[in-house]
Amino acid sequence: MTGRIARPDDAGIAAAVELLRAESVVAFPTETVYGLGADAFSAKAIGEVYRLKNRPAWNPLIVHVADVAAARALAAEWPAAADRLAAAFWPGPLTLVLRRAPALTGVGADNDTIAVRIPAHDVALRLLAAVGLPLAAPSANRSESISPTTAEHVLRSLPDVPLVLDGGPSAWGIESTVLDLTTATPTLLRPGALALRPLREVTGAIALPDAVADGTNRPSPGMGRRHYAPKATVLLVDDVKAVDRAGLAAPVAVLSYETAGDYDAAEVLSGDPREYAADLYAALHRLDDAGVGTIIVQTPPDTEDWLAVRDRLSRAAR
Ligand code: TXA
Ligand code: MG
């Protein structure tokens, strides 16, 4: 391990700024999950993000900025809906996909778009203000594996990250909602921390690609079928008690929001979707650390409130 965890005091922020200005990378806390940050204008730094994460080159990065003016500067077009959404939800767990400004070449999708958000985390905002650069930052984990909600998760997944600013556990514990504003009707590319109901109050109708609704395919480049996956095999089932455990890789664990029963390991999370989401990745990390072979997961209800959690579980189970 070459990385170190630093307190986010003035010295920690200064060390992070120095690394970022030298076109290196720094992991930092956000309200959703920890991000692996790099100067969005530096091809070298961006390359390091892809290398450390083993992330496929076709999967674009979210750019984090300190204020709306910095977001506008990255976009070629700034629709009225972006103003309304930014006023309502930024800083916060909403990522907007917009037409990309020509100056920004290293990040963004092949289709000339850019994903951008203002994170609602004091450490992230202080870092952005101190460095004075937009920071491209995917979740700070190896590609396809569980996102980090603590500084320790980051170092375990990416031991070669030079520095992790420790902001404690992420409050939301699940990634931002990604909304595409380049389509006539705003399109949900990734369900996430921010629920659809408050979004619709601002934008009106939101298009939900089938791939989002049933978690099958790839609504945005990064939404691979297998993603957010622990090392253990994940079995997503309607009735945990009905599972025949013979033939499952041991030890067998259960992840549920009701009482667990007699298993080698158990994580019982809240029946409230927001609280469940906040604990989900930490629970999966704990089960992996315990070395379980199989995780039987009780499928949450098929309601919109559970959309983001169901999406992550379905991708973890492939
Ligand atoms: O909460 C979050 O969004 C966290 C924190 C660190 O901000 N970040 C995060 O980044 O989850 P990442 O790279 O793990 O996921 C970014 C998602 C991927 O599904 C990616 O394909 C999509 O956003 N994305 C990025 N740029 C895009 C673009 N221009 N068009 C469509 N999708 C895009
Ligand atoms: Mg990710």
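The values are calculated or read from the model by the stated rules, or taken from the named source; none is laboratory data. Model, not experiment: these values are computed from the prediction. Here the Cβ is made from the backbone with ideal geometry for all residues, glycine too, and neighbour counts use every protein chain on show. We work out accessible area using only protein heavy atoms, side chains counted, and drop any ligands, DNA or RNA first. Shrake-Rupley method; radii C 1.70, N 1.55, O 1.52, S 1.80 Å.
Residue 41 contributes an accessible area of around 110 Å² to the protein surface, as traced by a 1.4 Å probe with all chains present.
With a 1.4 Å probe and all protein chains kept in place, how do 210, 166, 289 rank by accessible area, largest first? List each step's numbers first, then the result.
On the way: 210 115, 166 50, 289 95 Å².
These residues rank, largest area first, as 210, 289, 166.
Using a 1.4 Å probe over the heavy atoms of the protein chains, calculate the carbon and sulfur portion of the accessible area of the chain as a whole percent.
Working: 6540 of 13040 Å².
The nonpolar share, carbon plus sulfur, comes to 50 percent.
Using the Karplus relation 6.51 cos²θ - 1.76 cosθ + 1.60 with θ = phi - 60°, the per-residue 3J(HN,Hα) values for the stretch 302-311 come to 8, 10, 4, 4, 9, 4, 5, 5, 4, 4 Hz, with x marking Gly and Pro.
If we count every other residue with Cβ under 13 angstrom of residue 269's Cβ, Lys/Arg +1 and Asp/Glu -1, where does the sum land? Could you put the intermediate results ahead of the total?
Numbers: positive: 274, 286, 312; negative: 258, 267, 272, 275, 279.
Every neighbour counted, the sum reads -2.
Amide H contacts of residue 121: 31, each under 5 Å away and 5 or more positions distant or on a separate chain (H built 1.01 Å from N in the peptide plane; Pro and chain starts excluded).
How many percent of all Cα-Cα pairs in the chain sit more than 27 Å apart? Working shown, then result.
Working: 20467 of 50403 pairs.
I get 41 percent for the Cα pairs in the chain exceeding 27 Å.
Ordered by solvent-accessible area of protein heavy atoms (1.4 Å probe), largest first, the residues 296, 206 come out as 206, 296.
In the assembled protein chains, residue 275 presents an accessible area of approximately 100 Å² (probe radius 1.4 Å). For the chain, what is the calculated [θ] at 222 nm in deg cm²/dmol (nearest 500), taking -39500 (n - 2.57) for each run of four or more DSSP H residues and dividing by its residue count? Result for the chain: -8500 deg cm²/dmol, rounded to the nearest 500. Listed by chain and number, the lysines whose C-alpha is less than 24 Å from the C-alpha of residue 231, apart from same-chain residues fewer than 8 away, are 53, 241.
When the Gaussian network model of the chain links Cα atoms closer than 10 Å, the mean-square fluctuations of 141, 111, 59 top out at 111. Spatially, the stretch 32-70 and the stretch 96-140 are offset by 7 Å when compared through their Cα centroids.
Backbone amide hydrogens, once placed in the peptide plane, bring residue 95 within less than 5 Å of 177, 178, 179, excluding anything fewer than 5 places away on its chain. Rolling a 1.4 angstrom probe over the protein heavy atoms with all chains in place gives the chain an accessible area of 41 Å² per residue.
For the stretch 17-27, 3J(HN,Hα) computed residue by residue from phi via the Karplus equation (6.51, -1.76, 1.60; θ = phi - 60°) reads 4, 4, 5, 5, 5, 8, 6, 9, 10, 9, 8 Hz, glycine and proline entered as x.
When the square roots of the Cα gyration tensor eigenvalues are ordered a ≥ b ≥ c, the ratio a/c for the stretch 62-208 is 1.5 or more and a/b exceeds b/c, which makes its shape prolate. Straight-line reach from residue 44: taking Cα to Cα under 13 Å and skipping same-chain neighbours fewer than 8 places apart, the aspartates and glutamates in range are 23.
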